[in-house]
Amino acid sequence: MAYSNQDRSSSAARRATVFLILGVIIGLLSPRLLAQIGIATSAACNRNVQQINQAIERWHFEKGTWPDAGLSDIGTDPRYFPEGLPRCPVNGCPYLTDPATHRVVPHDHANQGGRRRW
Ligand SMILES: [Zn+2]
């Protein structure tokens with residue numbers, strides 16, 4: 001079947017229109033989708049912090065001492081973290097504890113690795 005030049009150009013125009021519409025839709029949805037992903041990974045970080053703080057309390061109850069600030073002892077004990085000590089799912093940094101409070105030190109996700117506040 002032979003196509004005329006007019007058929008080819010109108011088909012190309014339709015394809016361009018479809019791609020344009022898809023581009024607009026993706027452009028509109030991407031920031032929202034990325035924001036939702038960011039919220040989900042921040043929530044996962046908060047759950048990790050809660051889990052680590054609970055494990056620290058359990059360690060202290062069972063052993064009578066606190067784990068070291070870098071969590072190298074509790075983090076390598078499979079009874080506390082069978083899959084290993086988690087890292088921040090947002091920026092991949094390791095969790096550390098404050099030696100005075102024995103709690104995970106809050107860190108800033110906006111600073112990508114800075115250790116300040118949430
Ligand atoms: Zn984090």
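The values are calculated or read from the model by the stated rules, or taken from the named source; none is laboratory data. A quick note: this is a predicted structure, and the numbers were derived from the prediction, not measured. Methodologically, a virtual Cβ is constructed for each residue, glycine included, from the backbone with ideal geometry; neighbour enumeration extends over all protein chains shown.
Counting just the residues of region 92-111 that are closer than 18 Å to ALA43 by Cβ and not β-branched (Val, Ile, Thr), which one comes out surrounded by the most Cβ atoms within 10 Å (Cβ to Cβ)?
At the first step, the residues of region 92-111 found to be closer than 18 Å to ALA43 by Cβ are 92-93, 95, 104, 106-110.
From what's left, not β-branched (Val, Ile, Thr): 92-93, 95, 106-110.
On the way: GLY92: 9, CYS93: 15, TYR95: 20, PRO106: 11, HIS107: 22, ASP108: 14, HIS109: 18, ALA110: 10.
So, considering only residues that are closer than 18 Å to ALA43 by Cβ and not β-branched (Val, Ile, Thr), the one surrounded by the most Cβ atoms within 10 Å (Cβ to Cβ) is HIS107.
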_Filter result for GLN6 (within 30 Å of VAL104 (Cα to Cα), without any contact (Cβ under 8 Å) to a residue 60 or more places away in the chain and assigned to a helix (DSSP H, G or I))_ = no
_Being more than 16 Å from the ligand (Cβ to nearest atom), part of a helix (DSSP H, G or I), surrounded by 12 or more Cβ atoms within 10 Å (Cβ to Cβ) and of a type outside the set (Ser, Thr, Tyr): is that true of ILE74 here?_
yes
*Scan region 42-71 for residues that are of a type in the set (Gly, Ala, Ser) and not in a helix (DSSP H, G or I) and jot them down.*
GLY64, ALA69, GLY70
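Let's see how each residue does on (1) at positive phi; (2) at pLDDT 95 or above; (3) surrounded by 10 or more Cβ atoms within 10 Å (Cβ to Cβ):
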| position | (1), (2), (3) |
| --- | --- |
| GLN6 | no, no, no |
| ALA12 | no, no, yes |
| SER30 | no, no, yes |
| LEU33 | no, no, yes |
| GLY38 | no, no, yes |
| GLN51 | no, yes, yes |
| GLN54 | no, yes, yes |
| GLU62 | no, yes, yes |
| ALA69 | no, no, yes |
